[in-house]
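Engineer: Could you have a look at this structure, given as structure tokens, before my questions?
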Amino acid sequence: MSTDARVRYTKMVIKTSFIELLKKKPITKVTVKEICELSEINRATFYKYYCDAYDLLEKIEQEFLDELFQNIGNPAQHDFKDTLTLIMVSIKANGELYQILFSENGDKYFPNRIFTLCYKNSSMGKDKKFEKLSPVQQKWLYYFIAQGCSGILDQWIISGMVEPIDEVVDFAEKLLQHTLKQF
């Protein structure tokens, strides 16, 4: 079922207004009233699609995750370097939006959600090189790596995504390989 053009337009205006407000202040200070005024819609229209500003942010993030995983496919089919490259290319394609979403005004924990989703779709536990680790230790290792990658991604986004993607990915790959040598 396709969404009516008016509905798509209304949601786009609401999202655009919301992002404009996030440029200026944290989500904790963004009100539905402000979003509606900037969007030139009434509150009933907003509440038809979203519960509050947090729900709107979550839906924008989910759209990004859906698009990201559509672009990269199944992370289990790619190695670390390819997956991280695809993630960064996808983020850079919508740079300003993601700088705002990942900033302290948006959801600074969003990069970690990306890697958590990658873990759920990865084949790390099936990898022969980790068979001497228990399933719990494999999970710990993945999250240790994911948190580090999330931090690198976060800093890359905050600094304006000026460093070349391949340079960032190569650096993360070296850190990963050094860590994995221990196992």
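Engineer: Going through the stretch 31-48 one residue at a time, which ones are within 23 Å of Asn94 (Cβ to Cβ) and either modelled with pLDDT under 95 or surrounded by fewer than 15 Cβ atoms within 10 Å (Cβ to Cβ) (or both)?
Structural biologist: None - no residue of the stretch 31-48 is within 23 Å of Asn94 (Cβ to Cβ) and either modelled with pLDDT under 95 or surrounded by fewer than 15 Cβ atoms within 10 Å (Cβ to Cβ) (or both), so the list stays empty.
Engineer: Tell me the residue from Gln70, Gln62 that is surrounded by fewer than 12 Cβ atoms within 10 Å (Cβ to Cβ), more than 30 Å from Asp170 (Cβ to Cβ) and assigned by TED's automatic domain parsing to the domain that holds Glu173, please.
Structural biologist: The conditions single out Gln62.
Engineer: Would you mind telling me which numbered condition in (1) loosely packed, with under 12 Cβ neighbours inside 10 Å; (2) more than 16 Å from the chain's Cα centre (by Cα) Gly160 fails?
Structural biologist: Result: Gly160 fails condition (2) only.
Engineer: So, one more: Ala93 is checked against (1) closer than 18 Å to Met161 by Cβ; (2) in contact with a Leu (Cβ under 7 Å, 6 or more places away or on another chain) and fails just one. What number does that condition carry?
Structural biologist: For Ala93, the exception is condition (2).
Engineer: For the stretch 138-183, how many residues meet the condition of being modelled with pLDDT of 85 or more and not in a helix (DSSP H, G or I)?
Structural biologist: So the answer is 6.
Quick grid of which residues meet (1) part of a helix (DSSP H, G or I); (2) modelled with pLDDT of 80 or more; (3) not acidic (Asp, Glu):
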site: Leu84; (1), (2), (3): yes, yes, yes
site: Met88; (1), (2), (3): yes, yes, yes
site: Lys92; (1), (2), (3): yes, yes, yes
site: Ser103; (1), (2), (3): no, no, yes
site: Lys108; (1), (2), (3): no, no, yes
site: Pro111; (1), (2), (3): yes, no, yes
site: Ile114; (1), (2), (3): yes, no, yes
site: Leu117; (1), (2), (3): yes, no, yes
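Engineer: I would also like to ask the following. Please specify each residue of the stretch 83-110 satisfying the condition of being over 16 Å from Glu58 (Cα atoms), exposed (fewer than 14 other Cβ atoms within 10 Å of the Cβ) and without any contact (Cβ under 8 Å) to a residue 60 or more places away in the chain.
Structural biologist: Ala93, Asn94, Glu96
Engineer: Could I ask something else about it? Restricted to the stretch 1-30, and to residues that are within 19 Å of the chain's Cα centre (by Cα) and charged (D, E, K, R), which residue is surrounded by the fewest Cβ atoms within 10 Å (Cβ to Cβ)?
Structural biologist: This residue is Lys23.
Engineer: Which condition does Thr85 not pass, out of (1) under 29 Å from Gln177 (Cβ atoms); (2) outside the structural domain of Val162 (by TED's automatic domain parsing), if it passes all the others?
Structural biologist: (2)
Engineer: If the Cβ limit is 7 Å and pairs must be 6+ apart or interchain, which residue in the stretch 25-44 that is under 17 Å from Gly106 (Cβ atoms) pairs with which residue that is at pLDDT below 95 and part of a loop (DSSP other than H, G, I, E, B)?
Structural biologist: Going by the 7 Å Cβ cut-off, the qualifying pairs are Lys25/Asn105; Pro26/Glu104; Pro26/Asn105; Ile27/Asn105; Ile27/Gly106.
Engineer: Give just the number: which of (1) part of a loop (DSSP other than H, G, I, E, B); (2) within 19 Å of Glu96 (Cα to Cα) does Phe18 not satisfy?
Structural biologist: (1)
Engineer: Then there is this: Please verify whether Lys33 is farther than 18 Å from Ile157 by Cα, under 20 Å from the mean Cα position of the chain (by Cα), in a helix (DSSP H, G or I) and not assigned by TED's automatic domain parsing to the domain that holds Gly148, treating the condition exactly as stated.
Structural biologist: So Lys33 fails the test.
The values are calculated or read from the model by the stated rules, or taken from the named source; none is laboratory data. Note that the structure is predicted; figures quoted are calculated from it, not measured. We place every Cβ from the backbone using ideal geometry, glycine too, and count neighbours over all the protein chains shown.
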